[in-house]
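Down below is the structure, laid out as structure tokens.
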Amino acid sequence: MKSVRIPDRKQIVGRAKGAFVGLAIGDALGATTEFMTPQEIKLQYGVHKQIIGKGWLYLKAGQVTDDTQMSICIGRAIRDSQGWNLTAVADEFANWVKGRPIDVGSTCARGIRNYILYQTLEAPPSRWSAGNGALMRMLPVALYTLGNEESLDQYVVEQAHLTHNNPLSDTACIFFGRLLHEAMMGGQLGPLLMQTKGFVNEHPDFCYDPYPGKSSAFVVDTVQTVFHFLFSTDNFEDCLIGTVNQGGDADTTGALAGMLAGALYGVEGIPKRWLKRLDSRVYSEVDALAEYLVDHSPALLSLKN
Ligand code: MN
Ligand code: MN
């Protein structure tokens, strides 16, 4: 077994909270500019940098969407099952859909409907399922599998295949998990960039330099956008502002940039004005789930004992 240098618990928890709170912040901030072009954003907002809600979903300031809600579903399923339980994840998704959420992606809706009707836990493989819907919700798996890459790879793909069964989506989910693990264990921007360069060499589809400038819900466009802004900035705020002003699937690119930048810079790197604006019930739930999940990561628990 590879020897693991464990940073102290406080640092891991701070980065885990940064990731989950950062995801919610990116979702709330980016929802305003979802489906807009950079030119439209510039005309309407100059630079969009406050959490004000609105957008095509007419959100309240600080309200989050499916990206955060589905992530919370996975976090709750792990907590309430006291371990990985794919059926519990599917049940959480089913309950969430039955509660008529403000937004559900079409591929997610189809997969969840097939679970409700036929108890299907794996969507059929499809080249049309290369959206970012499985990637946007995988953070709780990375938190709970901290210290164990095999469990990460298995669980992250299992949760993905509930709705999205596509190799590009799988590849992105696994690699985002690796980056999150690295960052939560104290990784810095430079080493994460080196790791990402290696990943892009192996998977040239995801090459983001030069940045193609597309930020759609296609998982390749999404990942390129997130990497471009993560690696061309050196703090949470600039990373998020750049990302959401690119428009397109801005709540999801925002959520993913927020999750990685939050894991990298910690919760203390998130601007206070954004923390104050985030829906307080969402804030307290993601904050508590982040701490719970890393505290109960089986690999970290076994290292401590
Ligand atoms: Mn959304
Ligand atoms: Mn979206």
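The values are calculated or read from the model by the stated rules, or taken from the named source; none is laboratory data. This one's a predicted model, so the numbers in the text were calculated from it and none came from an experiment. Positions of Cβ are backbone-derived with ideal geometry, glycine not excepted, and every protein chain shown enters the neighbour counts. The accessibility values were calculated without ligands, DNA or RNA, using every heavy atom of the protein model including side chains. Shrake-Rupley method; radii C 1.70, N 1.55, O 1.52, S 1.80 Å.
Sort through V89, V64, V47 and tell me the only one that's at pLDDT 95 or above, crowded, with 24+ Cβ neighbours inside 10 Å and outside any helix (DSSP H, G or I).
So the residue among V89, V64, V47 that is at pLDDT 95 or above, crowded, with 24+ Cβ neighbours inside 10 Å and outside any helix (DSSP H, G or I) is V64.
Could you look through region 92-126, keep only residues that are more than 16 Å from ligand 2 (Cβ to nearest atom) and among the aromatic types (F, W, Y), and pick out the one that is most open to solvent (accessible area, probe 1.4 Å)? Going through the qualifying residues, I end up with Y118. Among the residues here, T196 does not qualify as polar (S, T, N, Q) and buried (at least 24 other Cβ atoms within 10 Å of the Cβ). The set of residues in region 131-163 that are within 16 Å of ligand 1 (Cβ to nearest atom), open to solvent by less than 10 Å² (accessible area, probe 1.4 Å) and touching a His at 6+ places or on another chain (Cβ under 8 Å) comprises G133, A134.
Which members of region 191-242 meet the condition of being of a type in the set (D, E, K, R) and part of a loop (DSSP other than H, G, I, E, B)? D209, K214, D234, listed by residue number. Taking the criterion of being open to solvent by less than 10 Å² (accessible area, probe 1.4 Å) and farther than 18 Å from D103 by Cβ, the residues of region 240-252 that qualify are L240, T243.
Among the residues of region 253-280, the ones that are open to solvent by less than 10 Å² (accessible area, probe 1.4 Å) and among the β-branched types (V, I, T) come to 2 in all. Residues that are among the polar types (S, T, N, Q) and part of a helix (DSSP H, G or I) were ranked within region 243-287; the one that is nearest to K49 (Cα to Cα) is T243.
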